[in-house]
1. Filter the stretch 112-141 down to the residues that are at pLDDT below 80, surrounded by 12 or more Cβ atoms within 10 Å (Cβ to Cβ) and among the aromatic types (F, W, Y) and list them by number.
2. Filter the stretch 87-102 for residues that are assigned to a helix (DSSP H, G or I), within 26 Å of A148 (Cα to Cα) and out of contact with any Asp or Glu (no Cβ under 7 Å at 6 or more places or on another chain) and give the result.
3. Can we say A189 is out of contact with any His (no Cβ under 8 Å at 6 or more places or on another chain), in a helix (DSSP H, G or I) and modelled with pLDDT of 70 or more?
4. Keeping to the stretch 149-163, report how many residues are surrounded by fewer than 18 Cβ atoms within 10 Å (Cβ to Cβ) and in contact with a Ser or Thr (Cβ under 8 Å, 6 or more places away or on another chain).
5. Checking the conditions here, which among S51, S64, S106, S56 is at pLDDT 95 or above, outside any strand (DSSP E or B) and of a type in the set (S, T, Y)?
6. Given the structure, is L70 of a type in the set (A, V, I, L, M), modelled with pLDDT of 95 or more and farther than 24 Å from A131 by Cα?
7. Would you be able to say whether some residue in the stretch 114-129 is of a type in the set (G, A, S), in a strand (DSSP E or B) and within 26 Å of P34 (Cβ to Cβ)?
Amino acid sequence: MSQSNPMPDLKSLPPFDLAVLGTGLLAFIVSFFPWFGVKVHGATVGGVDLSGFGTSATENAWHSYSVLALLLILLGTIVAAAAIFAKGSLPDLPIGARWIAAGLCSFGALLYLIRVFTLPHHHQSFTGFSATEGAQWGAYLLLIVVLANAAAAVISALSSEEQVPWQQMGSMGGGATAAPPMGSPPPAAPPMPPPPPPAEPSLGDDPMAPA
């Protein structure tokens, strides 16, 4: 019966491994903070107090394709945790687990960055009050966290013993010959083999031989 590998001590882990796990968990928590909403400022209109109207009209980050971004980031964090705590149980993959985690976290951060800067932003003023809709403070805090998560995942992969993906793919096709760079002269043709030596005449073919 084989014994399972003991879990590593958190204090002995590289700092960027801890950063990937911490920022991934923090991104999940911050995703429920006020992310998009409407703010209304004003006094009264027609005798109705509107100064507090709409202040609670906010939603979290789990909307639109920011959901896909968050799922990619969380999946990348889970893959990184598996590479840290259960590396021996992972299947053999053509790309290292930490590089898979870095790719997932980076792609998720890119999607979230695009989503934040494409959120609608409107401001309208009426008699007695003004209304503004757009990204809330939680959206920008989450942006900082997911960018830190992606950076930590890439640095963790670079500082690990895993080869970068293009080195791994190159080693898989190690028998292939690299093409010469563009603009270089064509390789020289191999030299022609020397002509065969002339055949020596036999005695029967020698006209000077006695009959």
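The values are calculated or read from the model by the stated rules, or taken from the named source; none is laboratory data. The model shown is predicted, which means the values in this text are computed figures rather than measured ones. Here Cβ is always computed from backbone atoms with ideal geometry, including for glycine, and neighbour counts include all displayed protein chains.
1. Result: F129, single match.
2. The answer is K87, A97, I100, A101, A102.
3. No; evaluated as a whole, the condition is false for this residue.
4. Qualifying residue count, the stretch 149-163: 1.
5. Among S51, S64, S106, S56, only S106 is at pLDDT 95 or above, outside any strand (DSSP E or B) and of a type in the set (S, T, Y).
6. In short, yes.
7. Yes, the stretch 114-129 contains at least one residue that is of a type in the set (G, A, S), in a strand (DSSP E or B) and within 26 Å of P34 (Cβ to Cβ).
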